[in-house]
1. Find the residue count for segment 25-34, including only residues that are more than 13 Å from the chain's Cα centre (by Cα) and either part of a strand (DSSP E or B) or free of Cβ contacts under 8 Å to residues at least 12 places away in the same chain (or both).
2. Here are 37, 22: which of them is touching a Ser or Thr at 6+ places or on another chain (Cβ under 6 Å), part of a strand (DSSP E or B), surrounded by 22 or more Cβ atoms within 10 Å (Cβ to Cβ) and at negative phi?
3. Just the residues that are touching a helix residue (DSSP H, G or I) at 6+ places or on another chain (Cβ under 8 Å) and buried (at least 19 other Cβ atoms within 10 Å of the Cβ), please, taken from segment 114-125.
4. Being touching a residue at least 60 places away in the same chain (Cβ under 8 Å) and closer than 17 Å to residue 129 by Cα: is that true of residue 111 here?
5. Please work out which residue is surrounded by the most Cβ atoms within 10 Å (Cβ to Cβ), limiting yourself to segment 25-34 and to residues that are out of contact with any Lys or Arg (no Cβ under 8 Å at 6 or more places or on another chain) and either acidic (Asp, Glu) or under 21 Å from residue 106 (Cα atoms) (or both).
6. Out of all the residues in segment 1-11, which are exposed (fewer than 15 other Cβ atoms within 10 Å of the Cβ) and either of a type outside the set (D, E, K, R) or in a loop (DSSP other than H, G, I, E, B) (or both)?
7. Of all the residues that make up segment 93-150, how many are part of a loop (DSSP other than H, G, I, E, B) and at pLDDT 95 or above?
8. Pairs only if they're at least six apart or on different chains, beta carbon under 9 angstrom, first in segment 49-75 and crowded, with 23+ Cβ neighbours inside 10 Å, second of a type in the set (D, E, K, R) and in a loop (DSSP other than H, G, I, E, B); list them, first residue then second.
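The values are calculated or read from the model by the stated rules, or taken from the named source; none is laboratory data. Please read all numbers here as calculations on a predicted model, not as lab measurements. Neighbour counts are summed over all protein chains in view; Cβ atoms, including those assigned to glycine, are modelled from backbone coordinates with ideal geometry.
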Amino acid sequence: MTVLTTYQDAPTKTVDIGGAKFAYRELEPDTGTPVIFLNHLSAVLDKWDPRVVDGTAARHHVIAFDNRGVGASQGQTPGSVTAMARDAIAFIRALGYHQVDLLGFSLGGFVAQVIAEEEPRLIRKLILRALARPAAKSSTRSLRSPCSTP
């Protein structure tokens, strides 16, 4: 399949979620399970490397969005990863999707893990990139894979 536009040229759209407009961009093909891109701390739509987005969009429907209160999205910035995950779930549902693939980059990877834990049926595939390594065992808590057994 051929990408109909590039990420740099994709129009920014908005969707209303609980009175706040969330800004997003999407690239064709508009078929199959979409890949939702979850960005790093304080990143905006323009921070995604177009080579990564365009390369993924050559075979998948890609959607990237600004978190609540970040970039072109409205509202107050969430105070926790859990709140960010709940916003992402609301965003995905507002676009009408019942199942997606998630690509979480850095902080977005932590958000993706919370989504997987809270709404496992929403996720078909989970891709985690550039997660921080723990500085010390005493200062971090273990993150259990949502797919593993206790």
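1. Matching residues across segment 25-34 total 1.
2. Details: 37 fails: touching a Ser or Thr at 6+ places or on another chain (Cβ under 6 Å).
Criteria check complete, one pass: 22.
3. Correct list: 114, 115, 123.
4. yes
5. Here the answer is 34.
6. Listed by number, the residues that qualify are 1, 2, 4, 5, 6, 8, 11.
7. Within segment 93-150, residues that are part of a loop (DSSP other than H, G, I, E, B) and at pLDDT 95 or above number 6.
8. 57/28; 62/28; 73/66
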